[in-house]
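The values are calculated or read from the model by the stated rules, or taken from the named source; none is laboratory data. Since we're looking at a predicted model, the values are computed, not measured. Don't worry about glycine lacking a Cβ; one is built from the backbone with ideal geometry, like all the others, and counts go over all protein chains shown. Just so you know, the surface numbers come from the protein's heavy atoms only, side chains and all, with ligands and any DNA or RNA stripped out. Shrake-Rupley method; radii C 1.70, N 1.55, O 1.52, S 1.80 Å.
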Amino acid sequence: MKNPLRPPKTLLVIGDISTKQVLPDTFRLCIWNWHKCKHPGWQTDFLQLCAQSDLFLAQEARFSPATCALLTESRLQWNGAISFLSPVRQIPTGIAAGCRAPASTIHAYVGAREPVLHIPKMTMRLTYPLARTQLLVLNLHAINFTGVTPFAHTLQQAAQLVETFSGPVIVAGDFNTWSRKRTRALQELAEKLQLQEVSFTPDLRTRYWQRPVDYLFTRGLQVVQAKALPFTSSDHHPLLATLRYRANKPNMLK
């Protein structure tokens with residue numbers, strides 16, 4: 001399959017890579033845009049969320065020395081993809097995935113660039129071992145300051161990374177769905193890939209123009225619980241979900 005996305009030059013691995021763990025069939029997932037780790041209280045909230053999570057998907061992750069030390073302290077194994085370096089201190093920023101089990105495969109891709117600053121948006125495709133199968137995870141930070149056409153093209157590219165996988169799937173991240181057309185394009189992607197949108201109770205997801213921008217979609221997984229937390233240590237509220245894999249079971253709410 002020809003993939004139009006271009007791989008980035010830099011990948012990061014932080015944490016113990018010698019572990020042979022697998023994800024349990026019932027596991028806890030956190031999704032959170034860190035907003036470059038610059039808000040007061042972020043460090044404390046981050047470690048609290050890590051303690052509750054087996055799998056963690058992050059956007060706008062700023063890999064400063066202090067942040068990398070916290071990633072190590074979290075006891076998750078982290079894989080990061082660098083989007084850009086800060087102009088003065090040259091600190092890498094991008095997206096990241098942390099897990100209690102090592103990733104079986106890791107691929108990261110550079111997508112479209114934002115206008116003016118030309119910062120590229122990133123997508124990570126990872127697989128993680130479950131006891132009886134592999135879990136596919138797509139962590140996506142969608143293009144923001146454009147019309148719907150580049151946004152839809154980004155989703156089409158992402159679909160290519162999922163559509164041939166037959167096992168359980170997670171597609172999640174910050175989709176920047178601040179308009180009706182963007183939201184509809186995302187819904188069409190989910191329908192095409194037979195993904196189930198996860199509902200949150202309470203649904204305290206961050207909204208722009210009254211539309212949520214962070215989403216979690218699954219396929220082949222049971223949703224046990226899902227909630228959004230009103231943390232103030234980022235401009236996005238973290239999402240927490242407990243998911244369960246059962247072979248040959250449909251995706252459903254408990």
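Here are some notes:
- Selected residue (only one of 196, 187 is open to solvent by 30 Å² or more (accessible area, probe 1.4 Å), out of contact with any strand residue (DSSP E or B) (no Cβ under 7 Å at 6 or more places or on another chain), at pLDDT 95 or above and of a type in the set (S, T, N, Q)): 187
- On inspection, residue 132 does not qualify as without any contact (Cβ under 8 Å) to a residue 40 or more places away in the chain, on the phi < 0 side of the Ramachandran plot and open to solvent by 20 Å² or more (accessible area, probe 1.4 Å).
- Search result, residues across the stretch 203-217 that are free of Cβ contacts under 8 Å to residues at least 40 places away in the same chain and in contact with a Lys or Arg (Cβ under 6 Å, 6 or more places away or on another chain): 212
- For the residues 191, 197, the requirement of being free of Cβ contacts under 8 Å to residues at least 12 places away in the same chain and not hydrophobic (A, V, I, L, M, F, W, C) singles out 191.
- So residue 126, is it among the aliphatic types (A, V, I, L, M) and either more than 17 Å from residue 32 (Cβ to Cβ) or surrounded by fewer than 17 Cβ atoms within 10 Å (Cβ to Cβ) (or both): no
- Residues in the stretch 179-229 that are farther than 22 Å from residue 162 by Cα and assigned to a helix (DSSP H, G or I): 180, 181.
- When we screen 146, 154 for residues that are open to solvent by 10 Å² or more (accessible area, probe 1.4 Å), modelled with pLDDT under 90, within 22 Å of residue 235 (Cα to Cα) and out of contact with any helix residue (DSSP H, G or I) (no Cβ under 6 Å at 6 or more places or on another chain), the only hit is 146.
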